[in-house]
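One structure is given here, and the rest of the page talks about it.
The values are calculated or read from the model by the stated rules, or taken from the named source; none is laboratory data. Just so we're clear, the structure is a prediction, and the values are computed from it rather than from any experiment. Neighbour counts are summed over all protein chains in view; Cβ atoms, including those assigned to glycine, are modelled from backbone coordinates with ideal geometry.
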Amino acid sequence: MAIGPIASATLRTSAVLGLRLVVQAGTLLLVARLLGPHGFGAFAGVAALAVMLGTLSTFGTHIVLLAEVSREPQRRAAVLPFALSTTLICGSLLFALYLLLATTLLGEAGIGLNVLVALGLAELILQPLLNLPGAEHQGHGRIATSQLLITLPLALRLLAAGTVWLLHPADPLRAYAWGYLGASALALLIATLSLRQAWPALRDWPLPRLAELRHAAGYAVLNLTATGPTELDKTLALKLLPLAAAGVYAAGARVIGALTLPVIAMMLAAMPRLFREGQTDRTRSAHLLRLVFAAALGYSLLLAAALWIAAPLFDLLFGPRYQAIGETIRWLTLAVPGMALRIAAGGVLMALGKPWMRVGFEVGGLFLLIIGACFLTPDLHQAGMAIALAIAETGMAVAGVLLIILQQHQLHSEQPNDA
């Protein structure tokens, strides 16, 4: 039986993301066991801060590149040079901000400056630059190739973690941090070599113009708000929980986040078609949206049930130092349906050209997360953080779906006037 192009693309991308899941799981287990809950909690908190700020480094230009290449491949030559210069400038400024925030607000984590520098360079400059080749491949419909490039630094980090595990250095966190940086650098080199057209020379990278930045600004903010709910909770845990408890929570949350990858695969496969049809072929677009949300909801419910049943296995996998991680994962299953639907709703609004709608509901979710965490974690500890995440994810999912329904209804009501 023949399957549609999005279904086949989703299957190919899911296979790549399945590899990514295995790599992330291996890295998570190695690093968590290597550092212990205290060290892992500190590492996860500062790394999450770097990842959140890193979403602003491209200032949304990788999404502009994706959209333009999806519509007209020849637009690459006009968009890519400004995307490169914007990423380098913004990334450098954010790197300085990251060092300031990490040393002042998260000083209790006890992370050395050399570790912060390595993580900052990787997440604020190298990884954002790596997003550009990935966006270009995705815009051409090479979704699996795009995801392989994203998986590459993760695989190299697994290699770095394994090397540190075998060598038993006196300071494993410092050794892994520099391996983390090296993985991003090597992945960026390979990604640029994978392109059919080379990047322009550095002298041809123009300074970004105000009009171009204004066009990309919505995508820049939505990158931050989209990543915020899956990263901010680790930083909040570092501030609100004891280090060991923060480490247990962060490990459990990473498990949950990794297992939502099939939803991301589906959205990546659907994005080029949504960009093309979202505002032109409303009937086909509406049918696609129904399929996307049905698949996201069905998968998330099955995943939540499976995790609830399998939760005790994680106590064995992570070892005795991560006591109660199974119970924490059970609490985190409450967030899974909302997380999947939030990912789907955010991707749809972005493809429909409504980035500020996505920003709006995700900013609201971030406030829900912060307020919920501050009220619930003092008494409920890891469970309180998990419940706060579930409240935030569910709230964002409901708001996002309602915004899409209203948008589709508005387009439908305008259709007779367009005829």
Subset of segment 78-101, residues under 20 Å from the mean Cα position of the chain (by Cα) and closer than 30 Å to residue 242 by Cβ, comes to 94, 95, 98
Could we say that residue 75 is farther than 17 Å from residue 181 by Cβ and either touching an Asp or Glu at 6+ places or on another chain (Cβ under 6 Å) or acidic (Asp, Glu) (or both) here? yes
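Got a sec? Which of 211, 201, 170, 161 is crowded, with 17+ Cβ neighbours inside 10 Å and either of a type outside the set (Ser, Thr, Tyr) or at pLDDT 90 or above (or both)? Steps first, answer last, please.
Details: 211 fails: crowded, with 17+ Cβ neighbours inside 10 Å; 201 fails: crowded, with 17+ Cβ neighbours inside 10 Å; 170 fails: crowded, with 17+ Cβ neighbours inside 10 Å.
Of 211, 201, 170, 161, the one residue that is crowded, with 17+ Cβ neighbours inside 10 Å and either of a type outside the set (Ser, Thr, Tyr) or at pLDDT 90 or above (or both) is 161.
How many of the residues in segment 363-372 are touching a Lys or Arg at 6+ places or on another chain (Cβ under 9 Å) and among the aliphatic types (A, V, I, L, M)? Outline the logic, then answer.
As a first pass, look at segment 363-372 and keep what is touching a Lys or Arg at 6+ places or on another chain (Cβ under 9 Å): 365.
From what's left, among the aliphatic types (A, V, I, L, M): none.
Within segment 363-372, residues that are touching a Lys or Arg at 6+ places or on another chain (Cβ under 9 Å) and among the aliphatic types (A, V, I, L, M) number 0.
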When you check residue 268 against the structure, is it modelled with pLDDT under 70 and within 14 Å of the chain's Cα centre (by Cα), yes or no? yes
Apart from one, (1) crowded, with 16+ Cβ neighbours inside 10 Å; (2) outside any helix (DSSP H, G or I); (3) free of Cβ contacts under 8 Å to residues at least 24 places away in the same chain all hold for residue 179; the odd one out is (2)
What number of residues in segment 369-389 are in a helix (DSSP H, G or I) and closer than 18 Å to residue 252 by Cα? 13
Being touching a residue at least 60 places away in the same chain (Cβ under 8 Å), surrounded by 23 or more Cβ atoms within 10 Å (Cβ to Cβ) and out of contact with any helix residue (DSSP H, G or I) (no Cβ under 7 Å at 6 or more places or on another chain) narrows it down to one residue among 246, 237, 216, 220; which is it? 220
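In segment 332-343, which residues are within 13 Å of residue 295 (Cβ to Cβ) and either within 13 Å of the chain's Cα centre (by Cα) or acidic (Asp, Glu) (or both)? Walk me through how you get there before you give the answer.
Taking segment 332-343 as the starting set, the residues that turn out to be within 13 Å of residue 295 (Cβ to Cβ) are 337, 340-341, 343.
Passing the criteria: 340, 343.
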Do we find a residue being surrounded by fewer than 21 Cβ atoms within 10 Å (Cβ to Cβ), farther than 25 Å from residue 261 by Cβ and not basic (Lys, Arg) anywhere in segment 143-152? no
Is there a residue being touching a residue at least 12 places away in the same chain (Cβ under 8 Å), under 21 Å from residue 67 (Cβ atoms) and under 18 Å from the mean Cα position of the chain (by Cα) anywhere in segment 155-173? no
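Residues to consider are 211, 226, 191; find the one that is without any contact (Cβ under 8 Å) to a residue 60 or more places away in the chain, of a type outside the set (D, E, K, R) and assigned to a helix (DSSP H, G or I).
Details: 226 fails: without any contact (Cβ under 8 Å) to a residue 60 or more places away in the chain; 191 fails: without any contact (Cβ under 8 Å) to a residue 60 or more places away in the chain.
The match here is 211.
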